[in-house]
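Structure first, then comments.
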Amino acid sequence: MSDAAKDAHRTGDGTRAVRAGLPEAVKHEPALPGPVFAAHFHLPGEVTGPYSYGRDDNPTWTLLERAVGELEAPGRDDVETLVFASGMAAISSVLFSQLRAQDAVVLPSDGYQVLPMVRTQLEAYGVEVRTAPTGGDAQLEVLDGARLLWIESPSNPGLDVCDIRRLVEAAHARGALVAVDNTLATPLGQRPLELGADFSVASGTKQLTGHGDLLLGYVTGRDTDAMAAVRRWRKIVGAICGPMEAWLAHRSIATLQLRVDRQDTTALAVAEALRQRPEVSGLRYPGLPDDSSHKVASRQMRRYGCVVSFTLPSRARAERFLAALRLVEEATSFGGVRSTAERRGRWGGDAVPEGFIRMSVGAEDPEDLVADILRALDASAE
Ligand SMILES: *Cc1c(COP(=O)(O)O)cnc(C)c1O
């Protein structure tokens, strides 16, 4: 670990983000070396690591992995981070490397929309899959005998929150490992390993990289054997990210604190504006002091994310609202600098009302965004 990395926990988030993962300064070299494009590396004689073949390792990944590790677990050198082609590649690598036939796993019933497909695949391999909703720590009731507890907090798209520390203690007492999907919070919003989790797993496609122009995933973990199995899985399935994506991601992390501070503050302003509107129901944002998640969220989160969810009275009303927005693009995904929103019901899969909208708040001026949303609500009334 470099001296800068060792001191990382003493600095603020912005300082840490701009320096995360940078190599020692070398005269005439750039601060962040460019992407290394290589399928194989010179390898005369004995086979030694780290860089031999491009599916195993790449110097551009190494720097990004250091950066993510410094943000997920500042000042700790007993953690390892592995980057992947996508969030799903990272999630699958943990699940499929840690679970065997006859093992039981607890997954969220209200989590990311691809998890039900993962469930089917795990069951086909003989893994027992139990599910529980995220809110209210309902996972406690199905933990006995489980090998792995999978937490998604805040959950996507419902924005429920569970008490990670409490669940980790209960899981560890029963000999189960705990993984937390940290996509929505980002490492600046929540640090699952400090809350006791064994793995922090995330999609870097969302707010971590924040420009909606690449797919990426990562796993940060502290158990050496478990991480070796995750690494082996990455090699087996080849779920690797390209050097260009890794470099773009690293470059984007430099502005992470600027983006999350702006986006998360504006998300609260948007939520507060929506709360005044009679046609809005089911409003959720963990940063709202009267949100049902707020009490637990404020104990374990340092920022509350850029996603706001709410429900309009009907599908037609929601569609008119989305069409009337000028500064918010209708698109899936979240976390980018340009605001987006969508009616989740159009996908099927999430158990949400027809008028349910997930809105991702970008880096626009808060006044412009709030005005556009209020205008679109008026225009969609009829
Ligand atoms: C988007 C998302 C994923 C999947 O990430 P990809 O990069 O699209 O594979 C996983 N978990 C959550 C919570 C997500 O929002």
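For segment 336-343, in order, what is each residue's ³J(HN,Hα) by Karplus, 6.51 cos²θ - 1.76 cosθ + 1.60 with θ = phi - 60°, in whole Hz (x at glycine and Pro)?
Each residue of segment 336-343 in turn: x, 5, 9, 4, 9, 7, 7, 8 Hz.
Residue farthest toward the positive end of the dipole of the chain, with Cβ of Lys/Arg at +1 and Asp/Glu at -1: which of SER153, LEU63, LEU115?
LEU115
Filter the trypsin sites (Lys or Arg not before Pro) in segment 74-183 to those in DSSP coil with at most 16 other Cβ atoms within 10 Å of their Cβ, and list the result.
Those satisfying the criteria are ARG100, ARG174.
For helix 59-72, report the angle its Cα long axis makes with the longest principal axis of the Cα atoms of the chain; keep it between 0 and 90° and round to the nearest 10°.
Helix 59-72 sits roughly 50 degrees off the main axis of the chain.
For every other residue with a beta carbon closer than 15 angstrom to the beta carbon of ARG303, add +1 if it is Lys or Arg and -1 if Asp or Glu, then tell me the sum.
My count for the surroundings of ARG303 gives +1.
Run the numbers for ALA316 and GLU329: contour at 0.36 nm per residue of separation, minus the present Cα-Cα distance, in nm.
Net length gain for the segment: 2.9 nm.
May I ask you to order 131-143, 44-56, 356-368 by the average number of other C-beta atoms within 10 Å around their residues, highest value first?
Result, highest mean first: 356-368, 131-143, 44-56.
Which order do the peptides 84-92, 311-319, 331-339 come out in when sorted by mean C-beta neighbours inside 10 angstrom, highest first?
84-92, 331-339, 311-319
Within segment 48-66, which residues have the backbone N less than 18 Å from the label spot 7 Å out from VAL237 along Cα→beta-carbon, could you tell me?
The answer is 55-57, whose backbone nitrogens lie closer than 18 Å to the label point.
How far, in degrees from 0 to 90, does helix 224-237 lean away from the longest principal axis of the Cα atoms of the chain, to the nearest 10?
Taking the Cα atoms of the chain, the angle to 224-237 is about 80 degrees.
Local charge sum around GLN102 (other residues, Cβ-Cβ under 14 Å, Lys/Arg +1, Asp/Glu -1)?
Residues near GLN102 contribute 0 overall.
Length gain on complete extension for the stretch GLU128 to ASP365, per 0.36 nm per residue less the alpha carbon to alpha carbon distance?
Once the chain is fully extended between GLU128 and ASP365, it gains 80.5 nm.
For segment 194-202, what does the Karplus curve 6.51 cos²θ - 1.76 cosθ + 1.60, with θ = phi - 60°, yield as ³J(HN,Hα) per residue in whole Hz, taken in order and with x for Gly and Pro?
3J(HN,Hα) across segment 194-202, in whole Hz: 5, 8, x, 5, 8, 9, 10, 10, 7.
Using the Karplus curve 6.51 cos²θ - 1.76 cosθ + 1.60 with θ = phi - 60°, what ³J(HN,Hα) values do you get for each residue of segment 348-362, in whole Hz, with x for Gly and Pro?
Residue by residue, segment 348-362 yields x, x, 6, 7, 10, x, 4, x, 6, 10, 9, 10, 9, 8, x Hz.
Between ARG251 and ALA381, what's the calculated FRET efficiency when r is the beta-carbon distance and R0 is 45 Å? Round to 0.05.
0.55
Using unit Cβ charges (K, R positive; D, E negative) and no other charged atoms, how large, in debye to the nearest 20, is the dipole of the chain about its Cα centre?
Dipole size: approximately 140 debye.
Can you tell me the relative contact order of the chain? Whole percent, Cα pairs under 8 Å, sequence separation 6 or more.
16
Local charge sum around MET88 (other residues, Cβ-Cβ under 15 Å, Lys/Arg +1, Asp/Glu -1)?
Charge balance in the 15 Å sphere: 0.
Determine the gain in length on full extension of the stretch ARG275-ARG222; use 0.36 nm per residue of separation and subtract their C-alpha separation, reporting nm with one decimal.
Full-extension gain reported as 15.0 nm.
Any chance you could list the semi-axes, whole Å, largest first, of the equivalent ellipsoid that the Cα gyration tensor gives for segment 257-379, using √(5λ)?
Equivalent ellipsoid semi-axes, largest first: 21, 17, 14 Å.
Please compute the volume of the convex hull spanned by the alpha-carbon atoms of segment 1-112 and report it per residue in Å³.
Each residue corresponds to 185 Å³ of Cα convex hull volume.
Classify segment 67-182 as rounded, prolate or oblate, taking a ≥ b ≥ c as the square roots of the eigenvalues of its Cα gyration tensor: rounded when a/c is under 1.5, otherwise prolate if a/b is larger than b/c and oblate if not.
Taking the square roots of the gyration eigenvalues as a ≥ b ≥ c, segment 67-182 is rounded.
Readers should treat all values here as calculations from the given coordinates under stated rules, not as data from a laboratory. Owing to the predicted nature of the structure, the values given are computational and were not obtained by experimental measurement. Virtual Cβ from ideal backbone geometry, glycine too; neighbours counted across all protein chains shown.
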